[in-house]
Every structure is written in C-alpha cells, then in structure tokens.
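Bear in mind that the values in this text are calculations on the coordinates, not laboratory data. Note that the structure is predicted; figures quoted are calculated from it, not measured. A quick note on method: Cβ atoms are made from the backbone with ideal geometry, for glycine too, and the neighbour counts reach across all protein chains shown.
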Amino acid sequence: MALDINYLARDTDLSDDFRTYVEEKFEKISSLTEQAQRLEVKLVSRESHTGASGLVTAELTLHSPRNVVRSEANDNDKQIAFDHAFARLQERLRRLRERAKSGRRRPSVQELTQNFAPVPSDVSLVEEVLEQQAVEAQEQAEQERLEQNGDIPVTIRRKVFPTQQMTLDDAIDNMELVGHDFYLFIDEESGLPSVAYRRRGWSYGVIAMGEEESETVRDYRQAEA
C-alpha cells in the first residue's frame, strides 16, 4: 500500500529536495510502515525572544487502521529536527513490531494488584500524571529569558481529557505509540483509575487508585521471550 504523505509548513519553506528526502527515508523503513495509510509531516518555525530565527519543530504522525504513532523533535535546522523525529518514530515502530511478534501477554491491573490494596486516590498524583512532558519551543525560549533575568514564575500546566476504559495491555501499547513515559486510563476489569508507566527496557509499572492505603510495592517485569 502506497503511503500518502501530507505536508504542512508554518513560517518555513518546504523544498522539493526536502520532500524527496522525507520520501526516501520512509522507503527505507517500509517493512515497519506496511500497514500505514497516511503520514503527516508538520514543520513549525518559531522566533526566539530576541527576534532571531528560532527552533524548528518537526512533528510526524503515522496513521494505520489500528494505531496512530507520533513523534516530535526540535532543532535550529529543519532537516536535523526531522531526522530526530524520524529516529524516534522508527524506534516506536520497532518496539511495536517486537511486542506484536512476541505474543506475550501482560497481566491485567486486577491480577497485579489482587493481593494488596491499591494506592489511595490522590488529587496531587493525578495532576502530576496529567502534567505535560513536552514543552513548546516558544515557551522554552521564554523560560530561558526569564532565567537570565532572574524572574522565574511558577507555572502549572493542566490537561483534562475524557476517561477511557481499556486493558493494561492496550494502555501500554498506546503509551508506546505516543512516546510518553506514562498513560492514564480506567482499567477495564477493575474499573479503577490507573496509571501505566515506563521503567527500563521492557519493564513497566502500574499504579491503581482506590480508597484504601497500602505501602506495598510490587514490580512487574515482562518475561523474556
């Protein structure tokens, strides 16, 4: 299936050479994108607080019938920004393929927590999980300016999104696809608000929130293939 590539540029140009470069890069990983239908390539250039040419943000979004895989990177050079975003996207696609090949099943949140009480519901924990990791390049430039001037305000970023029930397996898959280190969801079996998070390699953790407090800690590591 031919990959349909859509381009969007803001405050920067997209030459034919750059488009050819993008197409050649994705042709080299066609084995990872054979199920994909559409690729969105977005380049956004932002001026620094001094008015000089600032960072270019490259955003890649790959759509397939079952998944949406995203990556993002910043650099002063748009091609380097694209290369970094491409490398991240490629790694996520590889991890997704390996997980599909392994056929390994992770236990559900309910299975992992059946022998001990869940962590109590904590508003501060929810706010911490919802805090965005990726900071816009323009905000980074502003932060640098404030640091130089010694005037750094306290900023709290908050995002609210609809609750979604799914299995732990699906939650970890979605976390891998969007490139986050955590994923907030409602466990399909227990109905508990839960957070899946990345540890190291193929190691993951999960926090379930309930009414009873427990200091018990149990790690889950995926078995070797």
Can you pull the one-decimal nm distance between simple spin-label points at residue 95 and residue 163, each 7 Å off the Cα toward Cβ?
2.7
Distant-in-sequence amide H partners of residue 54 (H built 1.01 Å from N, under 5 Å):
46, 47, 48
List every residue whose amide H lies under 5 Å from the amide H of residue 188, counting only residues 5 or more places away in sequence or on a different chain, with H placed 1.01 Å from N in the peptide plane.
166, 167, 168
Estimated vicinal HN-Hα couplings, Hz - the stretch 27-39 in sequence order (Karplus 6.51, -1.76, 1.60; Gly, Pro = x)
5, 6, 10, 4, 5, 8, 10, 5, 8, 6, 10, 9, 10
A correct Karplus calculation of ³J(HN,Hα) over the stretch 56-65, with 6.51 cos²θ - 1.76 cosθ + 1.60, θ = phi - 60°, whole Hz and x for Gly and Pro, returns 10, 9, 9, 10, 10, 10, 10, 9, 10, x
Give me, ordered by chain and number, the residues 5 or more places off residue 210 or on other chains with an amide H under 5 Å from its own placed amide H.
119, 121
Karplus-derived HN-Hα couplings along the stretch 13-22 (A = 6.51, B = -1.76, C = 1.60, θ = phi - 60°), whole Hz, x at Gly and Pro
9, 10, 7, 4, 4, 5, 4, 5, 4, 4
